Amino acid sequence: MDPYTSSDDINQDLVPYAVVWPGSTEEVSRLMKYANEKKIPVFVRGSGTSLHGASRYRHRGIVLNVGRLTHFRLEKDNGYAEFGPGHRVLHVKQLLEKEGYFLPLVPGSIRVASIGGIISNNTSAHAVDSCMGKPRDYILGLEVVLPNGEVIETGTKSLRRCAGTDLTQYFVGGDGLLGVITGIRMQLVPMFKSAYGVAYFSDEISAAKAVQRIYMEKAPVPLFLEYLDKRVAKISFSIQNLPEPAGPLIMFHAIGQTTEEATYKINRLVDAVCMEPVLEAKRIDDIDEWHKIWLSRESALPYICQGGKGVFSLSEISSTVRGLADCMLDTMNMEEGMPTLSKLGKPYVMGHLGALSLHPVFIFPADWSAEEKMEGIKEAFFKESEINLKYGTCGGEWGQFARRTDFYKKRYGEHAYQLVKNVKKVFDPNNILNPDVFRD
């Protein structure tokens, strides 16, 4: 069902020598020592939900699945939790919520994504960075097995974070290049009160300008601010038995220490949105209505795949605040000039608009050949790169290499790219760990 496999299919020559499910850090260490001595590639795998090809191996080797590394310990009196990388994100979220804490990691794939992958990518996912920050803002320390099998601890057990050089920052957002994370220490975030809102627009550009207005008016930054274009909203709302929306929409979630604070923030957001042309903007007090609206966004991708009777190509476009309306237009017209994508018409567009992030989606017909899908994927990554280069941005969710390696070189230069490779060489001189993350 994943069109990205059309250019990374595993043929008989690439079947792994072995798939290993270690149950402890010590077992990971033994495996890495063996692989390093024999110079056998090791591919670390969680749930494989990466959308830029980083979890696709292209050489024979050992697949190290972290699915059994699922220890969990809550240190309330120290203000942190410690857990393994193999947990599904949803499971950790549920464990923390039972104790009155919020997990500041909210990917759309929360039900299946592994938490180790989220940490390795440092992805903010649905959350608005300006409100919640990035995962690395909450990671106090890590346990890591280096490519030679040596085990190191990074960071601190204090809520007072390390100043100066802290190796934690090399591995959080390290794209799995430098070591295998086997333990995570994360600061506890007390649960908050929430308030919700929604706004409907006559066109897409007005929605983008409303988000710009939120920033320009210095309104409280929401925890989430999600966007659905009219076509996506129509499909998703129908499945949730909601009235058909009059146009594209944004949904937003504000937080506070009290209900009054959260409500104040949502009212400020509604007021800011109403300074732009809007069909309707309102606070939502009915929690059941909010859950249906939120689920229409959370499940939008499978809904449109089902409706389009095909498989998908998803891109990640990031904008600046000032360029958001223009970036929306560029994203809506992403198929222009692309021979394969233009056969499909305009993309569906959804995204984390409050975080200045858009996801154009193309549905490839199920009867398209692997070659056609591959061409479509190449064009989608080309256009993603072109638009992000135009605005001087980069992806905030999926990592920076694999299929994005060419973009990285264009965005930051060949010298910067070689610096990254040289850093990897220091940690992994035999280049055995996830060698396919770079696509040279």
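Tabulated data
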{"quantity": "Inter-residue pairs, beta-carbon under 7 Å, first within 13 Å of G149 (Cβ to Cβ) and open to solvent by less than 30 Å² (accessible area, probe 1.4 Å) and in region 34-45, second assigned to a helix (DSSP H, G or I) and of a type outside the set (V, I, T), 6+ apart", "calculated": "V42/M32; V42/A35"}
{"quantity": "Which listed residue, of T320, T331, T340, is under 29 Å from M374 (Cα atoms) and under 24 Å from the mean Cα position of the chain (by Cα)", "calculated": "T331"}
{"quantity": "Flag for Y412 being of a type in the set (S, T, Y), open to solvent by less than 60 Å² (accessible area, probe 1.4 Å) and at pLDDT 95 or above", "calculated": "no"}
{"quantity": "Qualifying residue in region 146-159 (condition: at negative phi, among the aliphatic types (A, V, I, L, M) and open to solvent by less than 10 Å² (accessible area, probe 1.4 Å))", "calculated": "no"}
{"quantity": "Selection count where residues are hydrophobic (A, V, I, L, M, F, W, C) and either in contact with an Asp or Glu (Cβ under 7 Å, 6 or more places away or on another chain) or farther than 18 Å from M132 by Cα (or both), scope region 216-270", "calculated": "13"}
{"quantity": "Members of region 53-86 that are within 21 Å of N434 (Cα to Cα) and touching a strand residue (DSSP E or B) at 6+ places or on another chain (Cβ under 7 Å)", "calculated": "S55, Y57, G61, I62, V63, L64, N65, V66, L69, G84, P85, G86"}
{"quantity": "Residues of region 125-139 satisfying the condition of being assigned to a loop (DSSP other than H, G, I, E, B), without any contact (Cβ under 8 Å) to a residue 60 or more places away in the chain and either of a type in the set (G, A, S) or buried (at least 20 other Cβ atoms within 10 Å of the Cβ) (or both)", "calculated": "G133, Y138"}
{"quantity": "Long-range neighbours under 9 Å by Cβ, at least six apart or interchain, first residue assigned to a strand (DSSP E or B) and buried (at least 16 other Cβ atoms within 10 Å of the Cβ) within region 191-216, second at pLDDT 95 or above and hydroxyl-bearing (S, T, Y)", "calculated": "S194/T259; A195/T259; A195/T263; A195/Y264"}
{"quantity": "Members of region 88-102 that are within 25 Å of H359 (Cβ to Cβ), over 15 Å from the mean Cα position of the chain (by Cα) and not in a helix (DSSP H, G or I)", "calculated": "F102"}
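The values are calculated or read from the model by the stated rules, or taken from the named source; none is laboratory data. Please read these numbers as outputs of a predicted model, since none were measured by experiment. So basically every Cβ, Gly included, is an ideal-geometry build from the backbone, and we count neighbours across all protein chains shown. Note: accessible area is taken over every heavy atom of the protein model, side chains too, but ligands, DNA and RNA are not part of it. Shrake-Rupley method; radii C 1.70, N 1.55, O 1.52, S 1.80 Å.
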